[in-house]
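Q: There's a structure below that I have some questions on.
The values are calculated or read from the model by the stated rules, or taken from the named source; none is laboratory data. Quick caveat: nothing in here was measured; it's all calculated off a predicted structure. Here Cβ is always computed from backbone atoms with ideal geometry, including for glycine, and neighbour counts include all displayed protein chains. Ligands, DNA and RNA are stripped out before the accessible areas are found, and what is left, the full protein with its side chains, is counted by its heavy atoms. Shrake-Rupley method; radii C 1.70, N 1.55, O 1.52, S 1.80 Å.
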Amino acid sequence: MRLGVNIDHIATVRQARRGAWPDPVEAALICQRAGATSVVCHLREDRRHIRDEDVRRLKRALSIPLNLEISIAPSVIKTALAIRPDQITLVPERRQELTTEGGLDALTLRRRLQPIVRRFQQRRIAVSLFVEPAISQLDAARALGVESIELHTGRYANAAAAAAAGRRASVQALQRAAAYARGTGLAVAAGHGIGYDNVQPIARLRDIEELNIGFSIISRALWVGLDRAVREMRRLLR
Ligand code: PXP
């Protein structure tokens, strides 16, 4: 199971004082040394944490893939096309939200998504869609010709904190969706709300190849340091 570490919240802390430190690029290099297999960041329209220059520097500094999350807003698409990360993940975005809420509706948005997907692929940037674990969304992703999907684990993460029955059902939904997506030739990642306490049932799912985890690792790093926080998560994934 591969581990993509989302470093947005290193930049959240930096933006608290709008200075140069802590530097998300330095954080990404620590994650890389500690065994992360990719680095993830979200260039939000309001640039509340990661900024364009961070993405440019990350792209130059990393030897592991850079996975850039963006919405379908034209301004961020233009930046992403210019910077050329290894992969983009298209996510829904609302200005007022604290973090990404729910998956992208690939079915409803398919006509808007098609030319966007094509433009990235023409620039040799792989495209992933962040979607709910629903067959209709996976079919839409497949029809759009993207390389991969990332299953939204938010429902699982919320259920994991509540009743065991809800948690079992949401693990099964993720397993079914992952198996279906792999069967159609899509690469499968998952993420959102995954932490040290709830990662293992998801890490056991054979058809999920990669987990993208941010908040829990950056929070844990406050206590034990980032290197150890990443290594601890790697161990749980194994
Ligand atoms: N995957 C996607 C597509 C996301 O938008 C996020 C949050 O930015 C994550 C994974 C990571 O979620 P968390 O920070 O809750 O681990």
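Q: When both residues are 6+ apart or on different chains and their Cβ atoms are under 8 Å apart, which pairs have a first residue that lies in segment 10-32 and is in contact (Cβ under 8 Å) with a residue 24 or more places away in the chain, and a second that is part of a helix (DSSP H, G or I) and open to solvent by 30 Å² or more (accessible area, probe 1.4 Å)?
A: Note: pairs meeting the criteria are 25/57; 25/61; 28/61; 29/61; 30/227.
Q: Restricting attention to segment 190-228, and to residues there that are in a loop (DSSP other than H, G, I, E, B) and without any contact (Cβ under 8 Å) to a residue 40 or more places away in the chain, which single residue is farthest from the ligand (Cβ to nearest atom)?
A: As a first pass, look at segment 190-228 and keep what is in a loop (DSSP other than H, G, I, E, B): 192-199, 204-209, 214, 225.
Subset that is without any contact (Cβ under 8 Å) to a residue 40 or more places away in the chain: 195, 197, 199, 204-207, 225.
Values: 195: 7, 197: 13, 199: 10, 204: 18, 205: 16, 206: 20, 207: 17, 225: 18 Å.
Looking at residues that are in a loop (DSSP other than H, G, I, E, B) and without any contact (Cβ under 8 Å) to a residue 40 or more places away in the chain, I get 206.
Q: If you take the residues in segment 98-120 that are within 13 Å of the ligand (Cβ to nearest atom) and open to solvent by 70 Å² or more (accessible area, probe 1.4 Å), which one is farthest from residue 140 (Cα to Cα)?
A: Checked segment 98-120; the qualifying residue farthest from residue 140 (Cα to Cα) is 98.
Q: I've got another one for you. If you go through segment 20-58, how many residues are of a type outside the set (Lys, Arg) and either open to solvent by less than 40 Å² (accessible area, probe 1.4 Å) or in contact with a Gly (Cβ under 6 Å, 6 or more places away or on another chain) (or both)?
A: 22
Q: Within segment 74-96, identify whether any single residue is open to solvent by less than 20 Å² (accessible area, probe 1.4 Å), over 23 Å from residue 38 (Cβ atoms), assigned to a loop (DSSP other than H, G, I, E, B) and within 15 Å of the ligand (Cβ to nearest atom), and answer yes or no.
A: no
Q: Right, residue 185: more than 12 Å from residue 3 (Cβ to Cβ), within 11 Å of the ligand (Cβ to nearest atom), part of a loop (DSSP other than H, G, I, E, B) and at pLDDT 95 or above or not? Let's see the steps before the verdict.
A: Values: more than 12 Å from residue 3 (Cβ to Cβ): yes; within 11 Å of the ligand (Cβ to nearest atom): no; part of a loop (DSSP other than H, G, I, E, B): yes; at pLDDT 95 or above: yes.
The answer is no for residue 185.
Q: Which number in (1) part of a loop (DSSP other than H, G, I, E, B); (2) of a type outside the set (Val, Ile, Thr); (3) within 13 Å of the ligand (Cβ to nearest atom) marks the one condition that residue 67 misses?
A: (1)
Q: Next question, about the same structure. Regarding segment 150-164, can at least one residue be identified that is open to solvent by 50 Å² or more (accessible area, probe 1.4 Å), touching a residue at least 24 places away in the same chain (Cβ under 8 Å), touching a strand residue (DSSP E or B) at 6+ places or on another chain (Cβ under 9 Å) and within 16 Å of the ligand (Cβ to nearest atom)?
A: no
Q: Take segment 111-163 and flag every residue that is modelled with pLDDT under 95 and in a helix (DSSP H, G or I).
A: Pass one, segment 111-163, residues modelled with pLDDT under 95: 154-163.
Hits for segment 111-163 are 154, 155, 156, 157, 158, 159, 160.
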